[in-house]
1. How about the stretch 308-384: which helices (runs of 4 or more DSSP H) wholly inside it have at least 3 residues that are under 30 Å from residue 163 (Cβ atoms) and either in contact with a Cys (Cβ under 8 Å, 6 or more places away or on another chain) or among the aliphatic types (A, V, I, L, M) (or both)?
2. Looking only at the stretch 111-137, count every residue that is touching a helix residue (DSSP H, G or I) at 6+ places or on another chain (Cβ under 8 Å) and buried (at least 19 other Cβ atoms within 10 Å of the Cβ) and tell me the total.
3. Show the residue pairs meeting these rules: Cβ distance below 7 Å; 6+ apart or different chains; first residue within the stretch 178-197 and farther than 27 Å from residue 152 by Cα and within 10 Å of the ligand (Cβ to nearest atom); second residue part of a loop (DSSP other than H, G, I, E, B) and among the β-branched types (Val, Ile, Thr).
4. Among the residues of the stretch 214-232, what is the count of those that are surrounded by 13 or more Cβ atoms within 10 Å (Cβ to Cβ) and either of a type outside the set (A, V, I, L, M) or within 18 Å of residue 182 (Cβ to Cβ) (or both)?
5. Does residue 279 satisfy the criteria of being of a type in the set (Gly, Ala, Ser), at negative phi and assigned to a loop (DSSP other than H, G, I, E, B)?
6. Among all residue pairs at least 6 apart or on different chains, which show Cβ distances below 8 Å where the first residue, located in the stretch 151-162, is closer than 12 Å to residue 173 by Cα and the second is among the basic types (Lys, Arg)?
7. Here are 49, 94, 20: which of them is crowded, with 17+ Cβ neighbours inside 10 Å, at pLDDT 95 or above, within 16 Å of the ligand (Cβ to nearest atom) and more than 30 Å from residue 360 (Cα to Cα)?
8. Exactly one of these conditions fails for residue 140: (1) out of contact with any Lys or Arg (no Cβ under 8 Å at 6 or more places or on another chain); (2) crowded, with 21+ Cβ neighbours inside 10 Å. Give me its number.
Amino acid sequence: MIPYGKQEITEADIAAVERVLRSPMLTQGPCVPHFEEKLANIVSAKYAVAVNSATSALHIACLALGLKPGGLVWTSSISFVASANCALYCGAEVDFVDINPDTFNMCIQSLEEKLHIANKQGCLPDIVIPVHMCGQSCDMQAIGKLSKKYGFRIIEDASHAIGASFINQPVGNCRYSDIAVFSFHPVKIITTGEGGAAVTNSASLKKKMDLLRSHGVTRSPNDLLKNDGEWYYEQQELGFNYRMTDIAAALGISQFDRLQNIIERRNQLAKFYNENLASLPLKLPSIIESARSSFHLYVIRLATRELINRKSEIFSEMRAKGIGVNLHYIPIYRHPYYEARTTSYKSLPGAEAYYESAISIPIFPNMTDDNQNFVIRVIEGLVI
Ligand SMILES: *Cc1c(COP(=O)(O)O)cnc(C)c1O
């Protein structure tokens, strides 16, 4: 099976992990701070907090921004469920914004209209979580402008988008947001096994997230509220164990060294698909000129009603031929858990049109040209 995505592990990665395994510290050693420093540098943010998943990062990001029961988060209707679940972890509510059919990102116009209505009804969101779908950045400047007008905070779910940029600025620099979150799950751009991180330019948000990552416990003498002696540490908040291990961080540091090569290869593969699928009745990912996508995913959309009606069959045929197609994502409000929570989620036209026509086809750095030509031939055979 040619999977839709896959990690690339080199001998250098293995050696880096082995060094940690032979060292005294498997966790909370020197690698995590080094990983954080590298990440902050790569994305041009001041601070990074490494954790054990992007899901954990989203959770502590929401808490650090003060999300509480009674609060409200909006996110993109087409995303992984973690983008919405983080709100519920905090006892807050979540609602969904429709997507732009061309970029699959949160639609700025829909967001603006929804904010306008919410403002009149007195139910504005506390936090908006845009998702950089497939690795192409949302228009953060536009969302940043709306946040000033309506007073919400912004967490970028950049799980797909490490190494991407928008108008020559790296995704994650938080110029228009409070916090950006990355995932280092093996299917993402680079991996730490399981892993994630939150980045920010705010020293106070960094400090809050550091505390929440590790039980809400601090040992730094300057931060202690009391001090009973040298043994003393104290819990100041209800935190979690969301720490990244040094084993994971060492893998990530080693992978960072290849980040630009990986993005380059993913862009090459995307370009080849764009060129070779262009004459088929498909809608291909639209590439915004000012954006450089990291191409975590390559999503094709069936462009005729006839093909959409045959989507199940096309999907199964591709899998039967050894192509690990997938669907990213089911509109979050369609999951049974979300349907059961409330009947107030509206079916969104952009998300529905996407869901009925989208298929993720394989893209990963060590995909061979032969693999890719095979995928193209199979698609041709099914849609012509
Ligand atoms: C993968 C992903 C997550 C969750 O990442 P984990 O590291 O697996 O917790 C969150 N949001 C989006 C958009 C993702 O693709």
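The values are calculated or read from the model by the stated rules, or taken from the named source; none is laboratory data. All figures in this text were calculated on a predicted structure; none of them were measured in a lab. Cβ: placed from backbone, ideal geometry, glycine included. Neighbour counts: every protein chain shown.
1. In the stretch 308-384, the matching helices (runs of 4 or more DSSP H) lie at 349-357, 369-383.
2. 9
3. Hits for this filter: 184/190; 184/191; 184/192; 185/191.
4. 4
5. yes
6. 162/188
7. Values: 94 fails: more than 30 Å from residue 360 (Cα to Cα); 20 fails: within 16 Å of the ligand (Cβ to nearest atom).
Being crowded, with 17+ Cβ neighbours inside 10 Å, at pLDDT 95 or above, within 16 Å of the ligand (Cβ to nearest atom) and more than 30 Å from residue 360 (Cα to Cα) holds for just one of 49, 94, 20, which is 49.
8. So the condition that residue 140 fails would be (1).
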